[in-house]
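Participant: After the structure tokens below, expect a handful of questions from me.
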Amino acid sequence: MTTQETARGRDGVREAVVRSAARGLSGTEQLAGGFGTAVMALVLLLATLGTAVLSLVGVGLLLVPTVARGIRALANRERGRLARYGVELPELGSPPGGVRGALADLSLRRELGWTASHATLGFLLGFLGVMLPLAAFRDLTFVLWWWVGPSWQSATSIGVGSVHSTAEALWVSLLGVGWLAVIVGVSPNMARLQSWPARKLLVPDPSVDLSLRVAELTATRAAALDAHALELRRIERSLHDGSQNRLVAVTVLLGAARRAMDRNPADAVELLDRAQDAAETALAELRAVARSILPPVLSDRGLAGALTGLASNCGVPCDVEIDLPGRCAASVEATAYFVVAEALTNVAKHSGAHRATVTTALRSGRLHVEVTDDGYGGADTVKGSGLDGVRRRVEAHDGTFRLDSPPEGPTILAVELPCGS
Ligand SMILES: Nc1ncnc2c1ncn2[C@@H]1O[C@H](COP(=O)(O)OP(=O)(O)OP(=O)(O)O)[C@@H](O)[C@H]1O
Ligand SMILES: [Mg+2]
């Protein structure tokens with residue numbers, strides 16, 4: 001083995017030892033934290049049982065709201081604690097006030113179930129999690145002080161055997177090494193087991209989640225209908241004020257030309273020329289309306305090409321990062337197109353930016369679109385109609401809209417749409 005290989009091997013061992021120590025420490029820390037909340041859960045469980053017994057004679061009913069608040073507070077404390085270890089559990093507000101409300105609250109019932117399991121299983125695991133490092137410390141250092149204490153101390157941390165010489169004390173210290181190995185090997189799994197009831201029972205109740213989702217869908221459906229009605233009105237206005245007026249002019253001019261034909265053919269020709277101009281303008285306006293419904297560039301060049309085209313026509317230098325392996329539903333692509341078109345128009349009109357970036361990606365069936373600029377910031381949906389229209393369009397597709405534009409900039413407009421294909 002070369003010197004280099006030996007050094008590499010030594011580095012590898014050191015890295016493995018550091019990693020194991022970190023795992024053991026983190027597991028122990030989680031278990032000890034869990035032990036703290038388990039002690040509180042045990043007190044609360046006893047209080048709950050006491051309240052239940054007292055409720056049989058009526059007095060306990062007065063205590064139900066207080067116990068309910070205690071359970072919710074402890075559950076929220078556990079949610080906050082577990083969030084530090086990457087377990088995201090949203091905290092809940094106060095439980096319903098009355099006895100009947102508290103009993104009917106599904107989330108509270110699940111929290112009570114968690115209190116019972118955390119006060120027993122969680123307590124036991126937490127206790128072991130705290131005792132193991134203490135035993136390891138005691139046994140590891142035993143060789144240094146075995147001769148100091150009374151004779152009962154001359155034993156291992158598990159209480160068997162007695163020690164009469166330093167050589168025998170060294171065996172006890174070896175047991176300490178064993179404890180350390182147990183801590184490193186088992187404590188992360190023990191911590192996971194301790195938090196398992198919380199991960200099952202302290203998540204929002206699925207039926208509550210579903211009713212929130214229904215409320216959200218009802219709201220976005222209303223927004224979709226609003227956006228649809230608004231869009232129809234816009235198209236109707238564009239047709240009425242543009243093409244329809246031009247076509248009326250065409251019929252009037254054609255009628256005048258027909259009447260002038262016999263009297264003054266030169267006048268008739270001039271009228272026919274004007275009628276032709278009006279018909280061509282009507283055609284151009286009709287094309288513009290059609291383009292505003294579904295930009296043909298999308299079917300010609302795809303979303304990537306269409307967005308690149310928008311960026312290259314932007315008044316501010318604009319980078320484009322596109323990662324679109326597939327295609328989305330036409331209406332989703334059209335929405336993404338209009339989002340970027342409005343955002344880049346705003347960048348050019350309001351931002352004073354030197355650079356803008358358009359990023360799009362397709363991940364897990366969702367289309368992510370982000371437009372950023374390094375300008376003044378201060379964009380707000382309530383100041384105009386463009387961004388608000390974008391937000392409505394996006395929400396109508398059950399997507400998410402985020403506008404982040406602090407006073408000094410930068411401005412980030414991020415939109416996420418279900419791909420729908
Ligand atoms: N990128 C940006 N940087 C700085 N300010 C912005 C930016 N985008 C929008 N704003 C500000 O937010 C306001 C609202 O934008 P919005 O697009 O809704 O309306 P608008 O562009 O003024 O009008 P329109 O209805 O024609 O779009 C703008 O008036 C502008 O003050
Ligand atoms: Mg605008």
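The values are calculated or read from the model by the stated rules, or taken from the named source; none is laboratory data. Just so you know, these numbers come straight off a predicted model, no measurement behind them. Here the Cβ positions follow ideal geometry from the backbone for every residue, glycine too, while neighbour counts run over all protein chains shown.
Participant: Given the criteria modelled with pLDDT under 85, over 20 Å from Gly129 (Cα atoms) and of a type in the set (A, V, I, L, M), does Ala73 qualify? Step through it out loud before you land on a result.
Facilitator: Numbers: modelled with pLDDT under 85: no; over 20 Å from Gly129 (Cα atoms): yes; of a type in the set (A, V, I, L, M): yes.
No: the conditions fail for Ala73.
Participant: Quick one: Leu362 ticks every box in (1) more than 19 Å from the chain's Cα centre (by Cα); (2) away from ligand 2 (no atom under 16 Å from the Cβ) except a single one, so which number is it?
Facilitator: Among (1) more than 19 Å from the chain's Cα centre (by Cα); (2) away from ligand 2 (no atom under 16 Å from the Cβ), the lone unmet condition for Leu362 is (1).
Participant: Yes or no: Thr345 at pLDDT 90 or above and more than 16 Å from ligand 2 (Cβ to nearest atom)?
Facilitator: On the way: at pLDDT 90 or above: yes; more than 16 Å from ligand 2 (Cβ to nearest atom): no.
No; evaluated as a whole, the condition is false for this residue.
Participant: With respect to the numbered conditions (1) more than 21 Å from Arg213 (Cβ to Cβ); (2) more than 15 Å from ligand 2 (Cβ to nearest atom); (3) in contact with a helix residue (DSSP H, G or I) (Cβ under 8 Å, 6 or more places away or on another chain), which one is the sole condition not fulfilled by Ala379?
Facilitator: The single condition Ala379 does not satisfy is (2).
Participant: Quick one: Ala278 ticks every box in (1) crowded, with 16+ Cβ neighbours inside 10 Å; (2) assigned to a helix (DSSP H, G or I); (3) in contact (Cβ under 8 Å) with a residue 40 or more places away in the chain; (4) more than 16 Å from ligand 2 (Cβ to nearest atom) except a single one, so which number is it?
Facilitator: (3)
Participant: Further question on the same structure: If the requirement is being surrounded by fewer than 12 Cβ atoms within 10 Å (Cβ to Cβ) and under 35 Å from the mean Cα position of the chain (by Cα), which of these qualifies: Ala304, Ala215, Ala223, Ala311?
Facilitator: Numbers: Ala304 fails: surrounded by fewer than 12 Cβ atoms within 10 Å (Cβ to Cβ); Ala223 fails: surrounded by fewer than 12 Cβ atoms within 10 Å (Cβ to Cβ); Ala311 fails: surrounded by fewer than 12 Cβ atoms within 10 Å (Cβ to Cβ).
It is Ala215.
Participant: Moving on. Does Ser187 qualify as being at pLDDT below 80 and in the same structural domain as Ile71 (by TED's automatic domain parsing)? Quick ask: steps written out before the conclusion?
Facilitator: Working: at pLDDT below 80: no; in the same structural domain as Ile71 (by TED's automatic domain parsing): yes.
In short, no.
Participant: From the list Leu56, Leu63, Leu44, Leu31, which residue is within 30 Å of Val177 (Cβ to Cβ) and either among the β-branched types (Val, Ile, Thr) or out of contact with any Cys (no Cβ under 8 Å at 6 or more places or on another chain) (or both)? Give the steps one after another, and end with the answer.
Facilitator: Working: Leu56 fails: within 30 Å of Val177 (Cβ to Cβ); Leu63 fails: within 30 Å of Val177 (Cβ to Cβ); Leu44 fails: within 30 Å of Val177 (Cβ to Cβ).
Among Leu56, Leu63, Leu44, Leu31, only Leu31 is within 30 Å of Val177 (Cβ to Cβ) and either among the β-branched types (Val, Ile, Thr) or out of contact with any Cys (no Cβ under 8 Å at 6 or more places or on another chain) (or both).
Participant: If I filter the range 317-334 for residues that are under 24 Å from the mean Cα position of the chain (by Cα), of a type in the set (Gly, Ala, Ser) and within 16 Å of ligand 2 (Cβ to nearest atom), do I get at least one hit?
Facilitator: No, the range 317-334 has no match at all.
Participant: Any residue at all in the range 159-179 that is surrounded by 16 or more Cβ atoms within 10 Å (Cβ to Cβ) and modelled with pLDDT of 90 or more?
Facilitator: yes
Participant: Let me spell it out: the conditions are (1) at pLDDT 95 or above; (2) touching a helix residue (DSSP H, G or I) at 6+ places or on another chain (Cβ under 9 Å); (3) farther than 16 Å from Ser331 by Cβ, and Val369 meets all of them except one. Which number is the exception?
Facilitator: The failed condition is (3).
Participant: Could you check the range 327-421 for strands (runs of 3 or more DSSP E) lying wholly inside it with 1 or more residues that are in contact (Cβ under 8 Å) with a residue 60 or more places away in the chain and within 12 Å of ligand 1 (Cβ to nearest atom)?
Facilitator: Details: elements: 356-363, 366-373, 400-404, 411-418.
In the range 327-421, 411-418 are the strands (runs of 3 or more DSSP E) which contain 1 or more residues that are in contact (Cβ under 8 Å) with a residue 60 or more places away in the chain and within 12 Å of ligand 1 (Cβ to nearest atom).
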